[in-house]
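Below: one structure, written as structure tokens.
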Amino acid sequence: MPGSLLHWVTFFCALSVIYAGVFPNYRAHFDFVSWDKEKTLKELNAEKKWWQTASFYQIYPRSFSDSDGNGVGDLRGIAEKLPYLKEIGIAATWLSPIFTSPMADFGYDISNITEIDPLFGTMQDFEDLIAKSKEVGVKIILDFVPNHTSDECEWFKKSAALDPEYKDFYVWHPGKIIDGTRHPPTNWVSVFRGSAWQWHEGRQEYYLHEFLSKQPDLNYRNPKVRETMNEVLRFWLRKGVAGFRVDAVPFVFEVAPDANGNWPDEPRNDWVTDPDDYGYLKHIYTVDQPETIDIVYEWRSVLDDFQRKNGGDERVILAEAYSPIEVDMKYYGNATAEGAQIPFNFLMINWLTNDSDAYHYAETVNTWLKNMPEGRTANWVIGNHDQNRVGSRLGADRIDMMNMLILTLPGCSITYNGEEIGMTDVWISWKDTVDPSACHTNPDTYEKFSRDPERTPFQWSDEKNAGFSTANKTWLPISDMYKEVNVKRERGMSLSHLNVYKRLQELRQEPTLRHGDVLVKAVNNAVLGVKRTLLNDHTYVTVMNIFDNVVNVDLSNAFDGLPKQMEYAIITSKSSARIGNLINISSLRLLSKEAVVLRSPTKLTTTVGYYTYYSPEDQV
């Protein structure tokens, strides 16, 4: 250690001993916050962009609110419910696809990317939604599907007909002749099973489809495709959207063909024996190609250019990529280019199970924080329309716990519609199944592939069809639990999932949770702790008992620098305490699956160097 640094450390340690003699209840700890880094709250707020501490909310339009009684949600229904999003603290909502589509994959097979599908309404309805969103104060984000279109898209029809402008808009190949028989160009497998190549009789060639055969892949090695899709972004930006959630980002590029226009086969995965299963191959040539990172940077530049020319708040990109952590981090940007502000963090979905202990939880959170490039913003996702609901995946008795976690961690949160009221998966019979990924299987295996259970209609009330629709039949069945789990009922219950969520959103506006440092650690095998600190403000600690046993914990051994007593800021229906009650942190008792947020009674202060202290009146 350099001599000068050693002298300063010795000085501060001695000074802390002196302070301890004068004020025996002071506790010093290293917070890595120095005087020259202190900023006023006004300065901190000014540095934050609107999305950096925002709560985002995914709406699955088919299932949110049906205004015309046809059993399917629509844009007018969404507009009517925007005040609810404001009520629960949402800054922006992204809508799954609402564009013209044959609905082979419920809107992810788009035939016209600049039209509204009549099922959801009209362009006027969309413009009215934008106007309503500005009135209410909830921004609208659209789902951008860049990898593919529908085979009913005019671009694809023209490409199949060898139109000079469009013939290379998609990925085509004549295939291989083996022993006089034509075969697909490669062994690539579709996400939805079977070959990723489909023969087209008209063009007499195969086209690539990494998803359904009705979803042909666009050819991003064609500059015309890139510019056309950039113009799609500009079209919707002019309509007033706040940004885009980008679908299936890793699939946008395949490895470049060789000099003869051919691609390599992908290697086998020995642990999968079904050749039609997507897991049968190691996808080293069809996902996570380097050019995919660059195209995200290009899209970001389109959004930034639009903002420079038109003003307003920064437009955002939320990138969907189930990729290795080192790839995800590249989506943020690099030294010379900005990327997606929010590359979705799916670690809580991918890593956590019903059996995960507190050490697994801590590792899951800290992996993202430790890998995230300096100056970037974390995000926390626990559900979406492709994943079992958190209450079904991790347990209905962990719903409040998981909402508490994502809303007290730093950065932005993403909530899938219904998670805030505790909706769980609905069992869907083979007869009622509509998800293409399940319909392509059979009655014995469909449940493994179906995403219908997490897509059922939103539960607004205990009225007919849970208040979602007046139709005699909804597009998917309503949950049998709708009379117990719905917005209307939960508004009137003090410790309902909804009201706990709303209180968390209110607490989330506190300076410490917006700007403070974070320390996440396992207190023991069963208990996770999240400490948030900010100079000159309250300290908060989220404490979660992940398992069923009642546990007693000493938080003073887990976290340095806490006051001897803290008060309950957030409780759930599992708690015996009351908000405002004081608790000795050395003997915190947590009931089965209980989660709480504790707050220091008064604010954290600093006196010298890196040391921070609570004022004497904090030490009860």
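Just a few scattered comments:
- Eligible lysines near residue 593 by straight Cα distance, threshold 18 Å, same-chain separation 8 or greater: 521, 574
- Simple point charges give the picture: +1 on the Cβ of Lys and Arg, -1 on the Cβ of Asp and Glu, and for the stretch 415-512 a dipole about the Cα centre of about 280 debye.
- Cα pair count fraction exceeding 19 Å, expressed as % - the stretch 78-147: 36
- Against the rule of thumb 2.2 N^0.38 Å, how large the Cα Rg of the stretch 352-429 comes out: 1.16
- Over the stretch 469-546, volume per residue of the alpha carbon convex hull, in Å³: 165
- Solvent exposure of the chain amounts to 41 Å² per residue of accessible area, where only protein heavy atoms count and the probe is 1.4 Å.
- With distances taken between every two different alpha-carbon atoms, the stretch 136-269 has a Kirkwood hydrodynamic radius of 16.2 Å.
- Estimated Rh, the stretch 552-600: Kirkwood, alpha-carbon pairs, angstrom: 10.9
- Stretching residue 181 away from residue 130 to a fully extended chain increases their span by 12.9 nm, per 0.36 nm per residue minus the current alpha-carbon distance.
- Taking a straight Cα-Cα cut-off under 19 Å and skipping sequence neighbours fewer than 8 places away in the same chain, the lysines within cross-link reach of residue 134 are 49, 81, 86, 239.
- Approximate shape of the stretch 495-584 as ellipsoid semi-axes (Cα gyration tensor, √5λ), whole Å, largest first: 19, 19, 13
- Normalised Debye scattering of the chain at q = 0.05, 0.10, 0.11 Å⁻¹ gives log10 I(q)/I(0) of -0.25, -0.95, -1.12, counting only Cα atoms as equal scatterers and leaving out solvent.
- Extension gain (nm, one decimal) between residue 336 and residue 370, 0.36 nm per residue minus Cα-Cα: 10.1 nm
- Dipole of the chain, positive end: most advanced residue of 145, 212, 528 [Cβ charges, Cα centre]: 528
- Computed label-point distance, nm, for sites residue 308 and residue 204 using a 7 Å Cα→Cβ extension: 4.9
- C-alpha long axis of helix 223-239 to longest principal axis of the chain, angle in °: 60
- FRET E, pair residue 163, residue 230, Förster distance 30 Å, beta-carbon r, rounded to 0.05: 0.90
- Theoretical ellipticity at 222 nm over the chain - DSSP helices of four or more residues, -39500 (n - 2.57) apiece, nearest 500: -8000 deg cm²/dmol
- Between helix 3-22 and the chain: long-axis angle, C-alpha atoms, 0 to 90°, nearest 10: 60
- Residue-wise HN-Hα couplings along the stretch 371-377, as the Karplus relation 6.51 cos²θ - 1.76 cosθ + 1.60 with θ = phi - 60° gives them from phi, are 8, 5, x, 4, x, 8, 10 Hz; Gly and Pro carry x.
- Rg [Å, one decimal], Dmax [Å, integer] - the stretch 156-214, C-alpha atoms: 11.7, 35
- Kirkwood analysis of the stretch 393-547, using all unique Cα-Cα pairs, places the hydrodynamic radius at 17.8 Å.
- By average C-beta atoms within 10 angstrom, highest first, the peptides 168-174, 570-576, 413-419: 413-419, 168-174, 570-576
- Residue 39-residue 480 pseudo-label distance in nm [points 7 Å out on the Cα-to-Cβ vector]: 5.3
- ³J(HN,Hα) computed for each position of the stretch 201-206 - Karplus, 6.51 cos²θ - 1.76 cosθ + 1.60, integer Hz, glycine/proline x: 4, x, 7, 6, 8, 8
- Probe 1.4 Å - accessible area at residue 475, Å² to nearest ten: 40
- Distance between the 7 Å Cα→Cβ label points at residue 269 and residue 605: 5.9 nm.
- Prolate/oblate/rounded label for the stretch 396-472 (Cα gyration tensor, a/c 1.5): oblate
- Residues within the reach of a label modelled at residue 385 (point 7 angstrom out along Cα to beta-carbon, backbone nitrogen below 16 Å), restricted to the stretch 87-110, are 93-110.
- Among 175-181, 421-427, the peptide with the highest mean count of other Cβ atoms within 10 Å heads the list, and the full ranking is 421-427, 175-181.
- Stokes-Einstein D for the stretch 39-116, Kirkwood Rh over Cα pairs, 25 °C, 0.890 mPa s (µm²/s): 167
- Reducing the stretch 301-345 and the stretch 434-473 to their Cα centroids gives an inter-centroid distance of 33 Å.
The values are calculated or read from the model by the stated rules, or taken from the named source; none is laboratory data. Just so you know, these numbers come straight off a predicted model, no measurement behind them. All Cβ positions, even for glycine, are placed from backbone atoms using ideal geometry, and neighbour counts span all protein chains on display. The protein model used for the area step is the full one, side chains on, heavy atoms only, and it has no ligands, DNA or RNA in it. Shrake-Rupley method; radii C 1.70, N 1.55, O 1.52, S 1.80 Å.
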